[in-house]
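Following: one structure in structure tokens, then a few remarks.
The values are calculated or read from the model by the stated rules, or taken from the named source; none is laboratory data. Treat the numbers as computed from the prediction; the structure is a model and nothing was measured. With ideal geometry, Cβ positions are generated from the backbone for all residues, glycine too; neighbour counts draw on all protein chains shown.
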Amino acid sequence: MNLDTLKKTLLELKAKAITEFKSADSRSDIDDIYRSFLGKKGEVNLLLKSLGSFPQEKRKEAGMLLNELKSDLEEAYLQITVSLSSKANQERLSNEKIDTSLPGFQARKGSVHPVSKTIKEICDFFEKMGFDVESGPEAEIDYYNFEALNVPEDHPAKDMHDTFYLNNAGLLRTHTSPVQIRTMEKRDAPHRIICPGKVYRKDSDLTHTPMFHQIEGLVVEEGASFSQLKGLLNDFLEDFFGEKVELRFRPSYFPFTEPSAEADIRWNKNWLEVLGCGMVHPNVLKGVGVDTKIYSGFAFGLGVERMAMLKYDIPDLRAFFENDIRFLNQF
Ligand code: DAH
């Protein structure tokens, strides 16, 4: 073979390889073609072996020509591989469609528990009237739950409370009234506070649960009066129920208030008790160092579940604690 025939052969080989590469349509086709030209037993290697038949002075040039072909074929191989994989990518992308008309997964929205909702509604009203929201511990001691509230040891009123006693002489508070004492100990008069929270009594039947919620209100100011108390409660009840209410005070007894009253509202022609209240007993005020020559006070306490049952027409107390999502979602 001479140089001219070699050149011709190489040109033919190149053209053949490129045509074959172009007609390939899979990665394995391309690799087969690559091997048939550039592999160990490929056509390029066979030609390389024939270089020995070239005269010494032409051998170098022939080698360079072969190397040129080799790198041309490598280049062609690379190009076809890249274009084939980008074609495959495009095909995959055009087949992969997102159906934006499919309905998505609906996230369930939570709702506020009716007890929390009622507490918020009540506190919102009193905050507008200048009350601060206060809280105290649920595990109390006898002093705050009873003694400081003018309920001495052996007082019969203590029996009414069905107290849960704790091992360490503590107890679970039976009402939110101890927060009155804790607040008055902490700060000087005047006071306007509202205290929502959980309370506990050994009581469980259709209309009682061992844990329920109360809201306590306390006003200690110069000239705080019984008529202010009644006016405030009237405004509160009308705000809460969103309509005019008929309010009646009935004489009652609480150790920490004197005089004491139970407040009833007219409900479907009947009188219904909604809360307890009264003028803070001087013993209570004196016990926390309030000067009763300057200040007087009134207080009230109400049951949250009871208020919620009335407002939202809930017939059964147990609904509050069963956590039935169908019930809760209504709020
Ligand atoms: N602590 C009372 C109870 O649980 C409710 C109560 C009555 C609170 C009169 C008061 C009040 O602040 O003045 O039965």
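I need the full set of residues from the range 136-192 which are more than 19 Å from Pro210 (Cα to Cα), away from the ligand (no atom under 11 Å from the Cβ), in contact with a strand residue (DSSP E or B) (Cβ under 7 Å, 6 or more places away or on another chain) and outside any loop (DSSP other than H, G, I, E, B), in order please.
Thr183, Met184, His191, Arg192
For Leu69, are the conditions met, namely being under 29 Å from Leu3 (Cα atoms), assigned by TED's automatic domain parsing to the domain that holds Asp31 and surrounded by 10 or more Cβ atoms within 10 Å (Cβ to Cβ)?
Criteria met by Leu69.
Looking at Ser101, Ser83, Ser94, Ser53, which one is farther than 30 Å from Leu232 by Cα, without any contact (Cβ under 8 Å) to a residue 60 or more places away in the chain and more than 60 Å from the chain's Cα centre (by Cα)? Before you say what the answer is, go through the steps one by one.
Numbers: Ser101 fails: more than 60 Å from the chain's Cα centre (by Cα); Ser83 fails: more than 60 Å from the chain's Cα centre (by Cα); Ser94 fails: more than 60 Å from the chain's Cα centre (by Cα).
Being farther than 30 Å from Leu232 by Cα, without any contact (Cβ under 8 Å) to a residue 60 or more places away in the chain and more than 60 Å from the chain's Cα centre (by Cα) holds for just one of Ser101, Ser83, Ser94, Ser53, which is Ser53.
Condition check: in contact with a Pro (Cβ under 9 Å, 6 or more places away or on another chain) and not hydroxyl-bearing (Ser, Thr, Tyr). Does Glu216 satisfy that?
Here the answer is yes, as Glu216 does meet what is asked.
In this structure, is Asp124 more than 13 Å from the ligand (Cβ to nearest atom), free of Cβ contacts under 8 Å to residues at least 24 places away in the same chain, over 14 Å from Tyr200 (Cβ atoms) and assigned to a helix (DSSP H, G or I)?
The answer is yes for Asp124.
In the range 211-247, which residue that is of a type outside the set (D, E, K, R) and surrounded by fewer than 13 Cβ atoms within 10 Å (Cβ to Cβ) is farthest from Thr257 (Cα to Cα)?
Gly242
From (1) in a loop (DSSP other than H, G, I, E, B); (2) among the hydrophobic types (A, V, I, L, M, F, W, C); (3) closer than 30 Å to Phe300 by Cα, pick out the condition that doesn't hold for Val115.
Failing condition for Val115: (1).
Out of the range 207-234, which residues are of a type in the set (Val, Ile, Thr) and within 14 Å of the ligand (Cβ to nearest atom)?
Taking the range 207-234 as the starting set, the residues that turn out to be of a type in the set (Val, Ile, Thr) are 207, 209, 215, 219-220.
Ile215, Val219, Val220, listed by residue number.
I'm told Ser116 meets every condition in (1) within 16 Å of the ligand (Cβ to nearest atom); (2) modelled with pLDDT of 95 or more; (3) not β-branched (Val, Ile, Thr) except one. Can you identify the failing condition by its number?
(1)
Take the range 89-123 and flag every residue that is surrounded by 10 or more Cβ atoms within 10 Å (Cβ to Cβ), of a type outside the set (S, T, N, Q) and more than 12 Å from Ile215 (Cβ to Cβ).
Result: Glu91, Val112, His113, Pro114, Lys117.
Which residues, taken from the range 104-140, are within 29 Å of the chain's Cα centre (by Cα) and aliphatic (A, V, I, L, M)?
Within the range 104-140, the first condition is being within 29 Å of the chain's Cα centre (by Cα), and the residues that meet it are 104-128, 131-139.
Once the filter is applied, which keeps residues that are within 29 Å of the chain's Cα centre (by Cα) and aliphatic (A, V, I, L, M), the range 104-140 yields Ala107, Val112, Val115, Ile119, Ile122, Val133, Ala139.
What is the one condition in (1) surrounded by 12 or more Cβ atoms within 10 Å (Cβ to Cβ); (2) modelled with pLDDT of 90 or more that Val82 does not satisfy?
Among (1) surrounded by 12 or more Cβ atoms within 10 Å (Cβ to Cβ); (2) modelled with pLDDT of 90 or more, Val82 violates only (1).
Output the number of the condition that Lys97 fails; it satisfies all remaining conditions of (1) of a type in the set (D, E, K, R); (2) more than 25 Å from Met1 (Cβ to Cβ); (3) part of a helix (DSSP H, G or I).
(3)
Only one residue in Ala319, Ala299 is of a type in the set (A, V, I, L, M) and crowded, with 21+ Cβ neighbours inside 10 Å, so which one is that?
Ala299
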